[in-house]
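The next block holds one structure in the form of structure tokens; read it before the comments.
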Amino acid sequence: MDNLRFRARLRWDGESGGEVSTGRFRGLKLDMPIKFGGKGRYICPDELFLSSVAGCLLTTFLYFRKRFDVHLKGFEISINGTLHARSDGYKMSEIKATIFAKTKKNDEVGVRRCIKLAEEYCHITRTLEKTVPIKFIERIKVVK
């Protein structure tokens with residue numbers, strides 16, 4: 001298996017945020033939350049961090065879904081993180097990812113299997129697991 005490299009560049013916007021470029025993609029704007037003295041104009045790094053965790057879970061799930069030919073009617077991840085104030089500064093103290101899936105009865109077992117595999121193989125949650133507790137909650141709805 002080949003190693004992959006990812007890059008990003010962040011340029012300060014002269015105010016309380018900046019713009020991310022990754023080579024192929026440009027225009028993702030970040031800002032500090034108002035609570036921390038920013039203008040709150042755009043997504044904050046903590047929201048982007050949680051979005052990255054959810055995105056990794058999604059793409060890992062989709063990889064296994066395709067591999068095992070599992071069909072879906074809908075899929076969503078709701079993710080929450082708690083930023084804990086400590087005497088030595090802030091730290092993300094927990095992450096909770098609730099995974100919602102809609103599927104037909106004959107694909108329910110496959111969907112559950114793909115969710116478990118996504119939880120196990122998502123490289124971002126695997127990287128974080130020893131530093132931030134991550135709780136996964138599954139919600140499967142069987143539809144006709």
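The values are calculated or read from the model by the stated rules, or taken from the named source; none is laboratory data. It should be emphasised that the depicted structure is a prediction, and the values quoted were computed from it without experimental measurement. Here the Cβ is made from the backbone with ideal geometry for all residues, glycine too, and neighbour counts use every protein chain on show.
List pairs: first residue in segment 26-41 and farther than 20 Å from LEU83 by Cα and assigned by TED's automatic domain parsing to the domain that holds TRP12, second residue hydroxyl-bearing (Ser, Thr, Tyr) and surrounded by 13 or more Cβ atoms within 10 Å (Cβ to Cβ) anywhere in the structure, Cβ distance under 7 angstrom, at least six positions apart or on different chains.
Hits for this filter: LYS29/TYR42.
Which residues, counting only those in segment 90-118, are in contact (Cβ under 8 Å) with a residue 24 or more places away in the chain and part of a helix (DSSP H, G or I)?
Across segment 90-118, the qualifying residues are LYS105, ASP107, GLU108, GLY110, VAL111, ARG112, ARG113, CYS114, ILE115, LEU117, ALA118.
Within segment 68-89, how many residues turn out to be assigned to a strand (DSSP E or B), farther than 14 Å from ASP46 by Cβ and among the small types (Gly, Ala, Ser)?
The total comes to 2.
Out of (1) under 30 Å from ASP107 (Cβ atoms); (2) in contact with a helix residue (DSSP H, G or I) (Cβ under 8 Å, 6 or more places away or on another chain), what's the single condition that is false for GLY81?
Unmet for GLY81, out of (1) under 30 Å from ASP107 (Cβ atoms); (2) in contact with a helix residue (DSSP H, G or I) (Cβ under 8 Å, 6 or more places away or on another chain): (1).
Out of all the residues in segment 49-60, is one or more free of Cβ contacts under 8 Å to residues at least 60 places away in the same chain, within 27 Å of LEU30 (Cα to Cα), surrounded by fewer than 16 Cβ atoms within 10 Å (Cβ to Cβ) and touching an Asp or Glu at 6+ places or on another chain (Cβ under 9 Å)?
no
Hey, can you tell me all the residues within segment 14-25 that are out of contact with any Phe, Trp or Tyr (no Cβ under 9 Å at 6 or more places or on another chain) and surrounded by 11 or more Cβ atoms within 10 Å (Cβ to Cβ)?
GLU15, VAL20, SER21
If you scan segment 98-134, which residues turn out to be charged (D, E, K, R) and over 13 Å from the mean Cα position of the chain (by Cα)?
Of everything in segment 98-134, those that are charged (D, E, K, R) and over 13 Å from the mean Cα position of the chain (by Cα) turn out to be LYS102, LYS104, LYS105, ASP107, GLU108, ARG112, ARG113, LYS116, GLU120, GLU129, LYS130.
If I go through segment 17-36 residue by residue, how many of them are within 15 Å of GLU47 (Cβ to Cβ) and part of a loop (DSSP other than H, G, I, E, B)?
Looking only at that region, the number is 2.
Residue under question is ALA118, and the condition is that it be over 30 Å from SER16 (Cα atoms), of a type outside the set (Phe, Trp, Tyr) and not assigned by TED's automatic domain parsing to the domain that holds GLU15; does it hold?
Answer is yes for this residue.
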